[in-house]
Amino acid sequence: MNTGKKIPEWFTDARFGMFIHWGLYSMPARHEWFRGSQNVPDEKYRIYFDLFDPDLFQPKLWAAKAKAAGMKYFVITTKHHEGFCLWDTKYTDFKAPNTPCGKDLLREVVDAFRAEGIHVGFYYSLIDWNHPDFTIDCFHPYKNLPPEEKAAANAKRDMAKYRQYMKNQVTELLTNYGKIDILWFDFSYPRDDGNGKGHDDWDSAGLLDLVYGLQPDIIVDNRLDYPNPYALVTPEQYTPAEPVLDEDGNPAVWEGCQTFSGSWGYHRDETSWKTPKMCIQLLIDHVARGGNLLMNVGPTSRGTFDYRAIECLDAYAEWMAGNSRSIYGCGYAPFKEADGCRYTYNAKTNRLYVHVYSWPFHHLHLPEMAGKVKYAQILADGSEITFSENAESCGRTATPKGYLTLHLPDLAPKTPVPVIELFLK
Ligand code: GLC
């Protein structure tokens, strides 16, 4: 059995991390699933490996962007489904040091982020479309081979060897790079027709034992298809409506992962990039439902962040500079939210944060808050907001009983999401 510990407090205090999806798929720039979804055979995919040369790669710039955006941890794809490894692994030649770039890219990223005081997380793909022993299944690039050919090919593939390969690599990752805070396995897809893969294919129990043995304090995600009471719950591109609960109905520790544009790997031609305001709201929405946000960047094949990603990261930086107090150490607020608002709450300081998504004219009515607030201010500039309780106008009750009414300035502060900080009694 694993000896995993509870998810540490730094993680739920941090609330905000950077996901990084980087691999050979940044060259075709058509989604990180390209090799699998387009059924690209090994010899065709080879061109990317032969030419991969991120000549503009400056991990210190990445780390500086993450830090400025207020991100407290990061999780990087050490290997994605394509099978390419960013580090100098002993167990395959399909690795960054063997491409024209000629180096252990992972080491440089880890060093740069750690130097900024950012916690380190590794994503490791359970799926591997490069490994010769990984059997052809429903997602594999060779899935459309005629059935007899597929069966003959699979007869030569040995998942036991692949399981050992994963253990060897995970051992490298958790031994050679210092303290690793998070391990993000991705992902399981058991299927009744046997065309998927799950915990037996990975030996999830064995992997967990190995991981917790090497790094007892590490956080592991919940994608191993195996019960682990300490697993981090990881909804993907989905913001839950309510706080996420575990099987016993208690609040779960969860982290939503989201993209700037829809795909995780760099996708040049995508048009669905979120606006800076949407990105900021996503962060607030996650914290307001008691979760973390892991926001993804897919660097280009030359090693840079795309200008659209930079635009959003800079927007985070600007907003967080004045408003991070409504994020760090905050979570679900046990109060009914006002119209057009999202709340977060810091239980230690007993402050409630009202994120005003839609700035009303002058009066913002907060249900159930009468009698509970001793002071209110705009968070970003610390300027007082006056308020009244059970307010009346012209002798007639203007709001139902129990409401607290904030008297807002007519002009909304110039920021994508203004925040009012309430000091509760
Ligand atoms: C998925 C995808 C993948 C991405 C990940 C992030 O399961 O397969 O490409 O890395 O989720 O959550």
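Each value in this text was obtained by applying a stated rule to the coordinates, not by laboratory testing. Keep in mind the model is a prediction, meaning the values are calculated, not measured. Every residue, glycine among them, receives a Cβ derived from its backbone with ideal geometry; neighbour counts consider all protein chains shown.
Annotation: extensible slack from Asp93 through Lys372 equals 94.1 nm (criterion: 0.36 nm per residue apart, minus Cα-Cα distance).
Put a dot 7 Å past the Cα of Gln38, heading toward its Cβ, do the same for Lys103, and the two dots end up 2.9 nm apart. Ranked by how many other Cβ atoms sit within 10 Å of their own Cβ, fewest first, the residues Arg351, Arg15 fall in the order Arg351, Arg15.
Neighbour counts of other Cβ atoms within 10 Å put Met320, Met71, Met166 in the fewest-to-most order Met320, Met166, Met71. Between Lys6 and Met278, the modelled labels are 3.8 nm apart [label points 7 Å from Cα along Cα→Cβ]. At full extension, Arg46 and Ala151 could sit 35.4 nm farther apart than now, given 0.36 nm per residue minus the alpha carbon distance.
Taking a threshold of 23 Å on the Cα-Cα distance, which of the pairs Lys348/Lys374; Lys179/Lys348; Lys79/Lys143; Lys277/Lys348; Lys72/Lys103 fall above it?
Details: Lys348/Lys374 16 Å; Lys179/Lys348 28 Å; Lys79/Lys143 21 Å; Lys277/Lys348 28 Å; Lys72/Lys103 26 Å.
Over 23 Å apart, Cα to Cα: Lys179/Lys348; Lys277/Lys348; Lys72/Lys103.
Relative to the dominant Cα principal axis of the chain, helix 159-175 is inclined by about 50°. Comparing mean-square fluctuations of Thr386, Thr12, Thr78 from a GNM of the chain with C-alpha springs under 10 Å, the top value falls on Thr386. As a rough footprinting exposure proxy, the listed residues Cys85, Cys279, Cys330 were ranked by other beta carbons within 10 Å of their own, and the order from fewest upward is Cys279, Cys330, Cys85.
How big is the gap, in Å, between the Cα center of region 1-63 and the Cα center of region 329-377? When both Cα centres are located, 38 Å separates them.
Applying 1/(1 + (r/R0)^6) with R0 = 45 Å to the Cβ-Cβ distance of Lys414 and Tyr189, what FRET efficiency is obtained, to the nearest 0.05? Can you show the working numbers first?
Numbers: r = 46 Å, r/R0 = 1.03.
For Lys414 and Tyr189, the calculated efficiency is 0.45.
For the chain, a simple Cβ point-charge model (Lys and Arg +1, Asp and Glu -1, everything else neutral) yields a dipole of about 820 debye relative to the Cα centre.
Take the Cβ atoms of Asp200 and Ala321, set R0 to 35 Å, and the FRET efficiency comes out at 0.10. Shown is the FRET efficiency for Gln58 and Ser383, computed with R0 = 56 Å from the Cβ-Cβ distance and rounded to the nearest 0.05: 0.90. Putting +1 on Lys and Arg Cβ atoms and -1 on Asp and Glu Cβ atoms, find which of Gly322, Thr77, Gly298 reaches farthest to the positive end of the dipole of the chain. Sorting the options by dipole projection puts first Gly322. To the nearest ten degrees, helix 204-214 and the longest principal axis of the Cα atoms of the chain are 70 degrees apart.
Against the chain, whose longest principal axis comes from its Cα atoms, helix 307-323 is set at around 40 degrees.
What is the magnitude of the charge dipole of region 341-424 about its Cα centre, with +1 placed on the Cβ of each Lys and Arg, -1 on the Cβ of each Asp and Glu, and no other charges, expressed in debye to the nearest 20?
Numbers: 8 positive and 7 negative charges, 51 e Å.
Using only the charged Cβ atoms, the result is roughly 240 debye.
A simple spin-label model places the labels of Lys143 and Lys425 6.0 nm from each other, with each point 7 Å out along Cα-to-Cβ.
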